[in-house]
1. How many residues are assigned to a loop (DSSP other than H, G, I, E, B), small (Gly, Ala, Ser) and more than 17 Å from Thr208 (Cβ to Cβ) when one looks only at region 178-198?
2. Can you tell me which residue in region 16-59 is nearest to the chain's Cα centre (by Cα), limited to those that are in a loop (DSSP other than H, G, I, E, B) and of a type in the set (A, V, I, L, M)?
3. Is it the case that region 94-114 has a residue that's touching a Pro at 6+ places or on another chain (Cβ under 6 Å), under 24 Å from Ala29 (Cβ atoms) and modelled with pLDDT of 90 or more?
4. Determine if region 121-137 includes at least one residue that is at pLDDT 95 or above and over 29 Å from Val27 (Cα atoms).
5. Being part of a helix (DSSP H, G or I) and touching a residue at least 12 places away in the same chain (Cβ under 8 Å) is true for just one of Ala13, Ala64. Which residue is that?
6. Answer with yes or no whether Val151 is of a type outside the set (Lys, Arg), within 29 Å of Lys83 (Cα to Cα) and touching an Asp or Glu at 6+ places or on another chain (Cβ under 8 Å).
7. Among (1) more than 21 Å from Ala49 (Cα to Cα); (2) crowded, with 17+ Cβ neighbours inside 10 Å; (3) in contact (Cβ under 8 Å) with a residue 40 or more places away in the chain, which single condition is Gly207 missing?
8. Identify all residues within region 212-237 that are more than 19 Å from the chain's Cα centre (by Cα), assigned to a strand (DSSP E or B) and of a type outside the set (Lys, Arg); write none if there are none.
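The values are calculated or read from the model by the stated rules, or taken from the named source; none is laboratory data. Computed from a predicted structure; not experimentally measured. Backbone-built Cβ (ideal geometry, glycine too); neighbour counts: all protein chains shown.
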Amino acid sequence: MRLRQARQSDLAALALIQARAFVNDPVFAHFYPFRRHYPQDYYNSLLQALKLAFVTPGNVIMVALLEQKDLGFHDDKHYLGSKLAGFISCVRHGRPKDVDKWNPDDDAKCLERQLYEIETGATPNRAVSTGNIQDFYGRASLVLGSQSDWVESLMLAVLPEYQHLGVAKQLMLWEIAAAEEEGVDIFFEATEVSAPIYLRMGAKVLGTVELQQKKQRSEIHLDEVDLPACSVPVMRLHPSKVQWKL
């Protein structure tokens with residue numbers, strides 16, 4: 001397995017990885033309540049978010065590639081090349097010089113961000129609930145409080161068929177090492193699946209965002225779906241105190 005920084009040509013594949021990895025996630029059910037009705041819209045929304053992240057100052061997307069030996073093939077006749085299996089996306093917050101070390105801004109990136117915002121606003125997305133997303137992150141920010149120098153872990157996604165090969169662990173260890181080098185903590189919202197792992201690593205729960213069970217009616221059509229209740233922990237991890245090592 002090897003890690004490298006994402007390329008723009010990777011983003012379409014990364015959106016598909018994220019779409020598949022979180023299709024049954026209860027938080028994504030609130031964010032994308034009509035993803036099963038409109039899978040293309042669901043995918044498009046994730047792709048647009050990744051395109052925006054790619055040109056956002058301080059944002060880094062690291063991908064994990066599996067080699068043939070990771071997939072159980074050890075001879076040339078089975079050579080399949082490298083397989084893009086997962087990714088982690090995080091953003092450095094702090095002084096401009098610290099942000100620039102991760103992903104510096106320039107005029108081209110600024111223009112791309114503006115164009116992506118225009119494109120997103122011009123095309124209604126039938127899968128997404130913008131209101132649910134804004135409400136969630138508004139409440140999460142209240143739990144997080146005011147931070148000035150930190151790493152925000154945005155997304156960790158691994159293809160379902162590769163979720164037991166240590167891909168997520170390698171990506172998390174990269175993020176931890178990057179934050180430790182900067183001397184800053186990592187903050188994130190955990191999923192029901194990942195929260196126990198982070199707790200074993202030594203992460204602390206700052207608070208939770210409670211999502212209530214409810215019926216969701218589409219803003220642009222007549223469909224209605226049931227959304228599950230779930231509790232989402234907002235967590236803090238001190239890289240130098242991580243208890244889980246290779």
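1. Filtering region 178-198 down to residues assigned to a loop (DSSP other than H, G, I, E, B) leaves 183-184, 190-194.
Those left that are additionally small (Gly, Ala, Ser): 183, 190, 194.
The next check asks that each one be more than 17 Å from Thr208 (Cβ to Cβ); those that pass are 183.
Selection size over region 178-198: 1.
2. Top of the filtered list is Val23.
3. no
4. no
5. Checking each option against the conditions leaves just Ala13.
6. Numbers: of a type outside the set (Lys, Arg): yes; within 29 Å of Lys83 (Cα to Cα): yes; touching an Asp or Glu at 6+ places or on another chain (Cβ under 8 Å): yes.
Criteria met by Val151.
7. Gly207 satisfies every listed condition except (2).
8. Gln216, Glu224, Val225, Asp226, Leu227
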